[in-house]
Structures are given as C-alpha cells and as structure tokens.
Amino acid sequence: MRRAIYPGSFDPVTLGHLNIIKRAAAMFDELIVCVSVNSAKPSGLFQPQERVELLRRVTEGLPNVRVDCWDGLVADYAKAHQARVLVKGLRAVSDYESEIQMAMLNTKLYSRLDTVFLYTRPKYAYLSSTVVKEMARYGADLSDFVPRQIIEDVKQKVNSTQERM
Ligand code: ADP
C-alpha cells in the first residue's frame, strides 16, 4: 500500500490545497491529510479540530483520503502510520527554500521518508490561508478561494472573531 501524508496548517483549507489533495490522491493508494499544529503559528483562526471537520467535508467524495490531526513532529507521525512519502505544494520560489530545508530535516529524522513536491496550478499560485482570512475580513467574495461547502463557516468565524476584538 502506497500511503502518503499531506501535512499543513489548513487554517482554513483553500482551493489550492484541495487541488493538491485531489492530484496526490490520484497518485497514491491512500492520502492522509494531516492538520499539523505548527509551533511557529500556534493560534489560528480555526481550532485544529475545526480545520479537520472542514477538510473532512470538502474531501467527502474522495474515498482514499483520510483527515487527521497531530501536534508532534510530522516525521514521527509518518513513522507511526507506515508512510514513506510526504506531499507538499509549491507556489513560488519563496516556498522552495523553506520546503527543501523541511524535507531534508524530515529525512534526517526518519531516513525512509521522502518528500514529493507538486507545483501549484497557476490559477492558485497567489492563494494562501492568510489571503483567505484577509479577504474574509473585508467581506470579499470567497468563491474563488475556498471550497463552496465552507464559505459560510469562514465568514461566520471571521465575523465572530472581529466582534471579540
Ligand atoms: P498556507 O497557510 O500558506 O496556505 P499550509 O501550511 O496550510 O500553508 O500549506 C500546506 C501545504 O500546502 C504546503 O506544502 C503549502 O506549500 C501548500 N499550499 C498552500 N497553498 C497552496 C496553493 N495555493 N497551491 C499549492 N500548494 C499550496
């Protein structure tokens, strides 16, 4: 069984992420999308469990995709789940430097682990979860940014956090 892991913050999942998920799911027997709680970005818009729920909703029609959450090292997660491949998406050269460093570090931590990079489709090259949050704060139309099933969730979450500010 060829199992791969696609780790990330997914705060929230975007159309760019979903595109990578679909393409990776077509390449491997099983893809685990893993919400990894990043020590560099400890608090996000959505709680990790909420991100998992949004991801589950948008990947419902993809039978070989599982969604999980992990707050430790991705390399440890991969070892525990007998996965030897990490999937990462690349948008621009600026992603490349940190992603290559992370890939090397992960192989250092678990020597059987390799990272494959899928380049973004150009129409998603500008898209990040940060862009989505910023656009939602200004009330922009989110339909080109996030899957339609989660548009209302993003709007509501952003509005409720603004009320508390
Ligand atoms: P971000 O907050 O920048 O969206 P994530 O940690 O959620 O970052 O991203 C997880 C993975 O998805 C990373 O490998 C990242 O490079 C990739 N990714 C993020 N956005 C896109 C996109 N628009 N197209 C392709 N890959 C992407």
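The values are calculated or read from the model by the stated rules, or taken from the named source; none is laboratory data. Remember, it's a predicted structure, so these values are computed and weren't measured experimentally. Neighbour counts run over all protein chains shown; Cβ positions are idealised from the backbone, glycine included. All accessible areas refer to the heavy atoms of the entire protein, side chains included, with ligands and DNA or RNA removed. Shrake-Rupley method; radii C 1.70, N 1.55, O 1.52, S 1.80 Å.
Remarks
- Residue in the range 45-67 that is at pLDDT below 95 and near the ligand (Cβ under 10 Å from one of its atoms) present: no
- The single condition among (1) open to solvent by 40 Å² or more (accessible area, probe 1.4 Å); (2) hydrophobic (A, V, I, L, M, F, W, C); (3) farther than 18 Å from Arg3 by Cα that Ile150 does not satisfy is (1).
- Among the criteria (1) open to solvent by less than 40 Å² (accessible area, probe 1.4 Å); (2) free of Cβ contacts under 8 Å to residues at least 40 places away in the same chain; (3) over 28 Å from Asp153 (Cα atoms), the one Leu90 does not fulfil is (3).
- The set of residues in the range 105-133 that are open to solvent by less than 70 Å² (accessible area, probe 1.4 Å), part of a loop (DSSP other than H, G, I, E, B) and near the ligand (Cβ under 8 Å from one of its atoms) comprises Thr120, Ala125, Leu127, Ser128.
- Qualifying residue in the range 70-78 (condition: assigned to a strand (DSSP E or B) and at negative phi): yes
- Subset of the range 92-124 that is among the small types (Gly, Ala, Ser) and modelled with pLDDT of 95 or more - its residue that is nearest to Gly16 (Cα to Cα): Ala103
- Scanning the range 76-89 for residues that are within 25 Å of Gln47 (Cα to Cα), within 15 Å of the ligand (Cβ to nearest atom) and touching a helix residue (DSSP H, G or I) at 6+ places or on another chain (Cβ under 9 Å) gives Ala78, Leu86, Val87, Lys88, Gly89.
- Test: residue in the range 69-83 that is surrounded by fewer than 17 Cβ atoms within 10 Å (Cβ to Cβ) and within 15 Å of the chain's Cα centre (by Cα): yes
- Qualifying residue in the range 41-48 (condition: assigned to a helix (DSSP H, G or I), within 18 Å of Lys133 (Cβ to Cβ) and not polar (S, T, N, Q)): yes
- Residue count, the range 19-34 (criterion: open to solvent by 20 Å² or more (accessible area, probe 1.4 Å) and either outside any strand (DSSP E or B) or within 12 Å of the ligand (Cβ to nearest atom) (or both)): 7
- Residue identified as in a helix (DSSP H, G or I) and either of a type in the set (A, V, I, L, M) or crowded, with 21+ Cβ neighbours inside 10 Å (or both) among Arg51, Arg57: Arg51
- Among the residues making up the range 1-18, those that are open to solvent by 10 Å² or more (accessible area, probe 1.4 Å) and more than 9 Å from the ligand (Cβ to nearest atom) are Met1, Arg2, Arg3, Leu18.
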